[in-house]
Amino acid sequence: MSKYVLMRLLQSIVTILLVTAIVFVVIRVIGDPTHLMLPPEATAADRELLRRTMGLDEPLVIQYLRFLGDLAVGDFGLSYRFNQPAMSVVLERVGHTLVLTFTALGIAVLIGVPIGVMSAVYRDSWIDLTGKLFAIVGQSAPPFFFGVLMIAFFSVHLGWLPTGGTGGVQYLIMPAIALGWYSAAGTMRLTRASMSEVLEAEYIKMAKIKGLPQRVIIYKHALRNACLPVITFTALQLGVLLGGAVSVEAVFAWPGLGFLILKSIEDLDYTIVQAAVTLIALSFAAINLLVDLLYAWIDPRIRYD
């Protein structure tokens, strides 16, 4: 068990390093932030002086090693745009992203699991066909596409909901549905497959022979045994939704991490982008690690040779 934990920790560290390295290189290829930080009348000498002051004139390898050293002590530098520590700016936006992410995850579970159960129980019926159509539609287009459609219909055409921003619950409805639909579709498909397999088990057939009510068979016996892969999938979807929130927040101008990342890329604010992406990568790696360790605890057969 200890070897398995160690290997998974090493894999998580390598993943985080790769993500930070890719973001570090890509964000610097986009452009030079000194053009935005200095007034238009600044000379080339002024920009070169600022580049030297910021350490941007050094080779990328040296800059990255310095970044890793600062990362080890939790220092992401000052935001060029806000003139504040980058991580403090990022942490101010985390709350909005977590509200959106957990609401979307709740919608995915509350919609996906019941539809998946009904589709498995009534296989090849109109209920099953409707569930399959729901899954196909949910997984055939990215979340921001559904967001644009909902804005056009519910905000522009009907005038029921605000087009974007933050405030009361009405501001959260469309972003959460747009973000959660894809996960709901995946949850529905996995629940249906898992339930279909369990419903064919011998103990379920024996329960039917004994005359137990269908409700008891489905929800007390079948669903309880079919929920483990669904729980695992749901935990992993939390990390997926954190990443997917970027496009949805941009569409609805939701003031979370995703919207902050996009604005910081436009402003070439390296420190904000690095801090936000690193935080998301750490969250995703931690969630995957916890799920894998939970699996290893439940099933002792899961080991590294």
Check: Taking square-rooted eigenvalues a ≥ b ≥ c of the alpha carbon gyration tensor, is the chain rounded, prolate or oblate, where a/c under 1.5 means rounded and, failing that, a/b exceeding b/c means prolate?
Finding: oblate
Next item on the list: Name the residues whose placed amide hydrogens come within less than 5 Å of the amide hydrogen of Ser79, ignoring near sequence neighbours (fewer than 5 apart) on the same chain.
Entry: Gln84, Ala86
Check: Cα gyration tensor of the stretch 93-228, axes a ≥ b ≥ c as square roots of the eigenvalues: rounded (a/c below 1.5), prolate (a/b > b/c) or oblate?
Finding: prolate
Checklist line | Space enclosed by the convex hull of the alpha-carbon atoms of the stretch 70-131, per residue, Å³ | finding: 131
Notebook entry, point to check: How much FRET efficiency would the formula 1/(1 + (r/R0)^6) give for Ile13 and Arg66, where r is the Cβ-Cβ distance and R0 is 25 Å, rounded to 0.05?
Noted result: 0.85
Next item on the list: Kindly put Ile136, Ile287, Ile111 in sequence by how many other C-beta atoms sit within 10 Å of each C-beta, fewest to most.
Entry: Ile136, Ile287, Ile111
Next item on the list: Give the order of Arg51, Arg8, Arg93 when sorted by the count of other beta carbons within 10 angstrom, beginning with the fewest.
Entry: Arg51, Arg8, Arg93
Next item on the list: Evaluate the relative contact order of the chain (contact order divided by residue number), counting alpha-carbon pairs under 8 angstrom at least 6 apart; express in whole percent.
Entry: 29
Next item on the list: Report, in debye and to the nearest 20, how large the dipole of the chain comes out about its Cα centre when Lys and Arg carry +1 and Asp and Glu carry -1 on their Cβ.
Entry: 1400
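Any read-out appearing in this document is the output of simple, stated calculations on the displayed coordinates, not a laboratory observation. Everything numeric here is computed off the predicted structure, so don't read it as measured data. Counting neighbours? That spans all protein chains shown, and the Cβs are built from the backbone with ideal geometry, glycine included.
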